[in-house]
1. Note down the nm distance, to one decimal, between modelled labels 7 Å out along Cα→Cβ at A:Glu205 and at A:Arg64.
2. Within 10 Å of each Cβ in peptide B:67-78, how many partner chain Cβ atoms are there on average? Round it to a whole number, please.
3. With all protein chains present and a 1.4 Å probe, how do B:Phe259, B:Phe42, A:Phe135 order by accessible area, largest first?
4. Rounded, prolate or oblate for region B:44-333? Axes are the square roots of the Cα gyration tensor eigenvalues, ordered a ≥ b ≥ c, and the cut-off for rounded is a/c under 1.5.
5. If you keep only loop residues by DSSP, which GluC sites (Glu not before Pro) in region A:144-233 have at most 15 other Cβ atoms within 10 Å of their Cβ?
6. How many nm is it between the label spots at B:Leu82 and A:Arg137, if each spot is 7 Å from the Cα in line with the beta carbon?
7. Given R₀ = 30 Å, FRET efficiency for B:Glu176-A:Ala246 by Cβ-Cβ distance, to 0.05?
8. Which residues in region B:86-101 have a backbone N closer than 17 Å to a point placed 7 Å from the Cα of B:Glu49 along the Cα-to-Cβ line?
Number of protein chains: 2
Amino acid sequence: MEVLRLLVLPALCAAYGTARAPSGRHASRLAVDPAMAATTAFDLKAYMEEKRVYTEEALDASLRSTCSQTDLIVESMRYSLLAGGKRVRPMLCLAATEMLGGDISVATPTAVSLEMIHTMSLIHDDLPAMDNDDFRRGKPTNHVLYGDDVAILAGDAMLSTAFEYVAANTKGVAAERVVQVLRMLGESVGPMGLAGGQVMDLKCEGQPDVGIDTLQWIHTYKTAALLKAAVCCGAALAGASDEDLARCETYANKIGLAFQVADDILDVTASTEELGKTAGKDLDADKTTYPKLLGLDRSREVARELVDEAKAALEPYGERAAPLLGLADYIISRSN
Amino acid sequence: MEVLRLLVLPALCAAYGTARAPSGRHASRLAVDPAMAATTAFDLKAYMEEKRVYTEEALDASLRSTCSQTDLIVESMRYSLLAGGKRVRPMLCLAATEMLGGDISVATPTAVSLEMIHTMSLIHDDLPAMDNDDFRRGKPTNHVLYGDDVAILAGDAMLSTAFEYVAANTKGVAAERVVQVLRMLGESVGPMGLAGGQVMDLKCEGQPDVGIDTLQWIHTYKTAALLKAAVCCGAALAGASDEDLARCETYANKIGLAFQVADDILDVTASTEELGKTAGKDLDADKTTYPKLLGLDRSREVARELVDEAKAALEPYGERAAPLLGLADYIISRSN
């Protein structure tokens, strides 16, 4: 089980046991900062657990062998897709849909697709030709079980299935919106997405002169791009305006950077056991990180500032934004 | 330059210098088989050259570095995308659009996308963890120049950009059609597409009991699936009915299998120099091939029969099908 170490005290968490944002408006009167108030009055832990279970079911239903010839590739894909994880991207997508008053069933195929894309990036990142990781979340990585060749192909199949899945299963929304979602999903993986961020990251490894701007560029594309797709696709499927999308983008970019700063901090402070993957890898690889450039204390401050800015971007949505505000806090408070 | 060895004598080829199918109907009176007549009366060489040049321009325009940070990944993607090749998939797509009376500008982003998907599969297939090929079309493969890690990521970025490109650039057609195209493209790469076919192919390597059914399954998904997507997407963008799509699917499946039979034959009969890649690899890898199962002569017959069946499926389109009929012949007559 994941340990939630919320910065915001979950004193009032028991008050809301459902996935719905509180419908009353009085909660915001309890605190000075309305955004923080919405967070404290909202049971994030219950929300996350409900959405995690919902997502696991949707993921489990998404991939099935359709003939005996596809058994091996589908088994390999399912192994990694269903290997646990926080399911942050599907949650962000579903929460954004709800924030704009949409029904999550419309966004469910996209939520599944986001996790497929994320899983593809993990399978390929773990390969010997990349990070060469034998374990992830305490389990053998895909290529350890299925071989490098099958792992590469399972990743490719997962990525293409992500697009097919959205195109085939998104119902109850105009086709123009589906095209918009597929465009945003595609962008989030390409040169201005996670693959582009990864290549820049590789290029900078061992380079002594990597500054904060380059580090921020890398993290914006390596990490924030897919989170941005998650939030913006969820919003788009609920009929987001350009203004809504701009706010969602600001929120996602900020939490994406905060996520990476937190990850850099964890790499220094957490043990391998806590992380479920090899700790201290960034130091070994001679990588530039936020703690290296700014120190641990200032890095923690930066993460906090980014989360505050992310939350401020969603102020217009009041209590409907509660899940996204809570998830922003969660991102810098997680232990793994 | 590619050498065209057409089985059909190009005696009448000079008659048509444009990419348009002949508009008169009298050509079909010249021969017993109307499908063959349409082929002989059509200048395939000129058609292919025109469409190749058109496709090269579209491919060149498709990928550009948008900031200095993306230089390396975009350079790596462009290197493989623009490394020549027959551009068969874009041609099939554009020809199918024209066959149904559509304008090729509507199908151009999809034609580009098909070549991106094909290129991704080549980059990943050539990796040391897969076929370990250092050369393709006489040039160093992507990973030889950019490293395995960048090659994996360039492939991933290419695959996602393929979907983004169609979603962002397809104009003049209903969004429902774009969604349909994106669905077909996604399917062509997944477990029931080229990745699934590849995994099954790997699984069968060195197995003594691979029969013709399994071999046909492998080739249907490893090769025919993307050709099917090419023809069916092109047709869909011109407003194809379900009946049109079924005919296009039959055509594509047949030429896909014929393509692979021809490839197996070439692997036995052609030299490394002619192929531009290492010859005899199938024998080295102890792979089941059509010549091994059926002998060379019967394999040639099978290829011919498949092409005839493919052409028969398009009979209802008369002379509008001329480019696709010509391409079907070309597929089993190519020297590389």
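1. With each label point 7 Å from Cα toward Cβ, the separation is 4.1 nm.
2. 5
3. The ordering from most to least exposed comes out as A:Phe135, B:Phe259, B:Phe42.
4. oblate
5. Here the sparse-neighbourhood loop sites are A:Glu205.
6. My value for the distance between the label points is 4.1 nm.
7. Given R0 = 30 Å and the Cβ-Cβ separation, E is 0.60.
8. Zone members listed by number: B:86-87.
The values are calculated or read from the model by the stated rules, or taken from the named source; none is laboratory data. Because the structure is predicted, anything quoted here is derived from the model rather than measured. Reconstructed Cβ throughout: ideal geometry from the backbone, glycine too, with neighbour counts over all protein chains shown. With ligands, DNA and RNA removed, areas are computed over all heavy atoms of the protein, side chains included. Shrake-Rupley method; radii C 1.70, N 1.55, O 1.52, S 1.80 Å.
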